[in-house]
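To start, the structure under review is shown below, and the notes come after it.
Coordinate-derived values only; no laboratory data. Just so it is clear, the model here is predicted, and its values are computed rather than measured. Backbone-built Cβ (ideal geometry, glycine too); neighbour counts: all protein chains shown.
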Amino acid sequence: MNRLTKLCRPVASALVLMLAAVPSALAHAHPMVVKPAPDSTGPAPRSISITFSEAVEPKFSSIQLSDEKGKAVASEASKPKPNDPKTLILAVPKLQAGTYIVHWVNVAVDGHRLEGNYKFTVQ
């Protein structure tokens, strides 16, 4: 029995290490800080920024802005914030009063893709 225990101990240790690594391998880059906030009402923002829970690949990640009819509002592409691989920024032109829709897509550095939408209103 003692010999069997000695053989099983390294296998059990390896399994524990593999299972501990699984949550990080299945992680996605979720929005953590969003400006302007979803469903908010206020003055027109100069930019839209989204900070994700982990770094994103800027080449495959984006923020787009449209009016409530679906017409694109921002003509420039979103860009990563300098020295912050978790944050994307979209410069926006002067916005008129109304409701706007933000559509974001991200691909985390581990290859997982997420996307979502939210609205905000300019007074």
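Quick rundown of the values:
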{"read-out": "All positions within the stretch 40-92 that are of a type in the set (Val, Ile, Thr) and either surrounded by 15 or more Cβ atoms within 10 Å (Cβ to Cβ) or closer than 15 Å to Glu115 by Cβ (or both)", "value": "Ile48, Ile50, Thr51, Val56, Ile63, Val73, Thr87, Ile89, Val92"}
{"read-out": "Pair list, Cβ < 7 Å and 6+ apart or interchain, from the stretch 93-107 residues that are surrounded by fewer than 16 Cβ atoms within 10 Å (Cβ to Cβ) to residues that are among the acidic types (Asp, Glu)", "value": "Gly98/Asp67; Gly98/Glu68; Thr99/Glu68"}
{"read-out": "Condition broken by Ala37, with the remaining ones in (1) over 11 Å from the mean Cα position of the chain (by Cα); (2) assigned to a strand (DSSP E or B); (3) among the aliphatic types (A, V, I, L, M) satisfied", "value": "(2)"}
